[in-house]
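For reference, the structure discussed in these notes is given below.
The values are calculated or read from the model by the stated rules, or taken from the named source; none is laboratory data. Computed from a prediction, not measured in an experiment: that's the story for all the values here. Here the Cβ is made from the backbone with ideal geometry for all residues, glycine too, and neighbour counts use every protein chain on show. Ligands, DNA and RNA are stripped out before the accessible areas are found, and what is left, the full protein with its side chains, is counted by its heavy atoms. Shrake-Rupley method; radii C 1.70, N 1.55, O 1.52, S 1.80 Å.
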Amino acid sequence: MFKKTEISPKVLLIGAWVSCLLLVFFLLRGAYLMSVGSFSSFDVMVVGLNTICFFGILLVFRESLKRENENRIRILFESTPVPLHCMDSNGNITRVSDMWLDFFKLHRDEAIGRNFSEFLCEESKKVYVKRVLKGFRQDKKCRDVQVKALANNNEVVDVFVSASPISQSIGKVEVMVVLSPEKGRNTNDVCQRLDCYDSLTGLPNNFLLKDRLKNALERCRTSREKVAFLQIDIDRYKGKNGNISPDLLLMAISKRLKANIRTGDTLARLPGGEFALLPYGIQQPESLIPLADRLRRLLNQPLKIEEEVVRGTASIGIALYPEDGRNIETLLRKANIAMYAAKAEGGDKFYFSSSKLNAQAEARVVLQKKLGKALLKEEFSLFYQTQVEMVSGRTVGFEALLRWNSPKDGLLLPGDFLPVVEDSELVFLLGEWTLRHACRQIKVLMQGNHPNLRISINIFKKHFMSSGFISCVDRILQESQIDPSLLEMDLQENLLMVESGKVVEKLLELKKRGIRLAIDDYGLGRCSITQLKYLPIDRIKIARKFLENIPRDQDSEALIETFLGLAQGLGLKTLVKGIENKEQCRFLIDLNCREGQGFYFSRPSPPEDCLQVLSPYLPQMVGKSA
């Protein structure tokens with residue numbers, strides 16, 4: 001079947017002009033030939049075909065404009081922030097906005113076809129017919145005609161009706177219904193909303209954006225926060241047929257952006273095809289680098305618009321208060337300059353007004369590319385650090401720790417590269433790689449003389465929250481054929497604070513498979529005792545930060561004692577990380593801490609070396625040099 005392709009009105013208009021010029025040319029030529037007596041039947045046919053072509057293009061052009069106008073009206077009704085409806089010359093409703101349906105508490109099919117007078121009180125129907133219906137039939141606009149409407153459950157509400165013709169050929173009129181002062185809104189309120197919000201996307205417009213930017217600057221003058229302004233320009237979005245409506249495109253992009261910003265951030269639409277983002281609570285300028293890169297990648301992904309898949313890029317310019325300017329005009333100008341600098345480089349980039357931050361951003365992009373190549377070249381490896389039973393000194397398990405064997409920089413620790421991984425798509429690939437290699441090592445231990453040793457791995461938050469995480473775990477367990485109880489997954493405490501329903505659901509799925517679950521670096525997040533009680537976890541691992549100043553810091557001692565008592569009361573196992581000396585070890589043994597981990601017992605080592613520390617030893621016989 002042939003796919004329907006619409007031609008834009010601009011192309012049709014050009015075609016009409018060309019056809020008109022050809023028609024004039026052939027008419028003049030025919031007149032000349034008739035004057036010299038050589039006008040043939042072929043010339044008559046050519047003039048006739050050109051005439052038909054010209055008027056045919058005009059008709060198609062008229063229909064195309066009509067379709068585009070209908071499309072704009074449809075988009076307006078989908079996104080308008082006020083109650084709005086269309087009706088014919090008799091007052092029968094033909095189209096309603098979502099806000100209109102919300103006001104009258106009706107479904108769309110309950111409203112279409114009904115006369116608007118049915119929603120008015122008896123005393124208001126005469127006013128409505130006289131001032132609204134008769135008015136627009138005489139091609140007169142009406143504004144703020146006060147009537148009493150029957151809203152939900154026949155509640156009488158004063159509304160203001162404004163009407164304006166939108167298509168004289170079919171007699172439709174656009175009516176705006178505004179809630180009364182008794183409901184907390186009036187015509188001025190809605191006009192103010194229309195002044196502050198973009199009618200196409202429903203986003204704050206330039207006026208409201210500047211107001212919020214002004215408030216942000218005033219707030220940050222009394223705090224340590226910074227204000228960042230991101231200007232986003234859509235570079236190139238094209239479909240296979242190249243005829244996507246700009247309005248539909250802007251709506252789709254705004255919807256995608258809105259779904260991927262935080263609560264408290266302001267996303268606004270600027271004139272033309274531009275957007276702006278005012279992120280909330282920026283403490284460090286460097287935190288904007290992963291944010292801008294996420295936005296860039298987000299706008300690089302394909303969009304589906306009315307059965308058409310389009311792709312494109314975006315250019316982003318970033319300015320910071322107070323580094324780049326101390327007033328609104330300067331910040332906007334610096335962000336605009338940075339955005340055009342990104343466009344000048346071919347787009348699909350983000351630029352800061354600060355050269356220092358641009359250098360950091362460029363280094364981040366370079367590192368991200370190196371990490372992708374490192375994964376392909378198998379430059380990553382897992383080192384293992386022993387987890388010890390405190391009293392006996394017996395090794396009970398290992399923690400798998402990621403390392404990057406960089407050809408240029410040598411062996412790199414996670415802190416050198418994981419922040420970049422976690423903000424990129426590499427997190428899924430590297431998360432799966434880590435899980436697979438840890439399970440392979442468990443298999444090696446099972447086949448040797450150490451079948452009961454567990455291995456714990458850190459799970460990336462983004463990987464854990466992905467829809468394919470559980471299936472990834474199932475696939476690797478099937479491949480490795482290990483005992484799932486020997487695999488322990490360490491989850492960051494803050495992960496349990498977001499979307500708790502989804503998190504608990506996934507934790508229960510993992511528990512069904514026999515996998516052990518632990519909260520890593522416990523005490524650094526804000527997981528409450530109530531949450532801890534209902535989470536399906538087996539162990540808490542107390543962060544090394546609380547052990548650093550022991551035995552000199554009594555507050556840290558009290559905190560660790562509290563954590564251990566809490567875990568014991570909830571029936572949870574415990575492990576303390578970061579043990580580095582004999583005094584710390586003795587302190588924990590006196591508190592009946594079961595397990596520990598740290599340089600006092602062993603340093604992380606490759607898998608072939610970690611088997612050498614499996615023989616039992618007494619803690620007091622092990623020194624810091626181990």
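Apart from one condition, Lys533 fits all of (1) modelled with pLDDT of 80 or more; (2) under 37 Å from the mean Cα position of the chain (by Cα); the exception is (1). Scanning region 289-306 for residues that are in a loop (DSSP other than H, G, I, E, B) and surrounded by fewer than 20 Cβ atoms within 10 Å (Cβ to Cβ) returns Asn300, Gln301, Pro302, Glu306. Out of (1) among the β-branched types (Val, Ile, Thr); (2) out of contact with any Phe, Trp or Tyr (no Cβ under 6 Å at 6 or more places or on another chain); (3) at pLDDT 90 or above, the odd one out for Ile232 is which? The one condition Ile232 does not meet is (2).
Selection of region 346-388 for residues being of a type in the set (Val, Ile, Thr) and open to solvent by 30 Å² or more (accessible area, probe 1.4 Å) yields Val365, Val366.
When each of Ser97, Ser167 is tested for being at pLDDT below 65 and of a type in the set (Ser, Thr, Tyr), the lone residue that passes is Ser167. For region 581-588, the criterion of being of a type in the set (A, V, I, L, M, F, W, C) and at pLDDT below 90 is met by no residue. Out of Glu479, Glu561, Glu509, one residue alone is in contact (Cβ under 8 Å) with a residue 12 or more places away in the chain, of a type in the set (D, E, K, R), part of a helix (DSSP H, G or I) and over 27 Å from Glu422 (Cα atoms). It is Glu561.
From the list Leu614, Leu618, the lone residue that is over 43 Å from the mean Cα position of the chain (by Cα), hydrophobic (A, V, I, L, M, F, W, C) and either at pLDDT 90 or above or under 20 Å from Phe383 (Cβ atoms) (or both) is Leu614. Cβ separations smaller than 6 Å between residues 6+ apart or across chains give the following pairs from region 101-115 residues that are touching a residue at least 40 places away in the same chain (Cβ under 8 Å) to residues that are surrounded by 15 or more Cβ atoms within 10 Å (Cβ to Cβ) and of a type in the set (Gly, Ala, Ser): Phe104/Ala151. Selection of first residues in region 342-367 that are farther than 17 Å from Ile234 by Cα and of second residues that are surrounded by fewer than 17 Cβ atoms within 10 Å (Cβ to Cβ) and of a type in the set (A, V, I, L, M), restricted to Cβ pairs under 8 Å at least 6 apart or on distinct chains, gives the following pairs, ordered by first then second residue: Ser353/Ile337. Yes or no: region 259-267 includes at least one residue that is closer than 17 Å to Leu332 by Cβ and surrounded by 13 or more Cβ atoms within 10 Å (Cβ to Cβ). Within region 259-267, one or more residues are closer than 17 Å to Leu332 by Cβ and surrounded by 13 or more Cβ atoms within 10 Å (Cβ to Cβ).
Only a single criterion out of (1) modelled with pLDDT of 85 or more; (2) over 25 Å from Asn452 (Cβ atoms); (3) in contact with an Asp or Glu (Cβ under 7 Å, 6 or more places away or on another chain) is not satisfied by Phe546, namely (3). Look at (1) in contact with a Leu (Cβ under 7 Å, 6 or more places away or on another chain); (2) open to solvent by 60 Å² or more (accessible area, probe 1.4 Å) and you find that Met489 fails only one, number (2). The residues of region 569-594 that are at positive phi and surrounded by 15 or more Cβ atoms within 10 Å (Cβ to Cβ) amount to a single one, Gly578.
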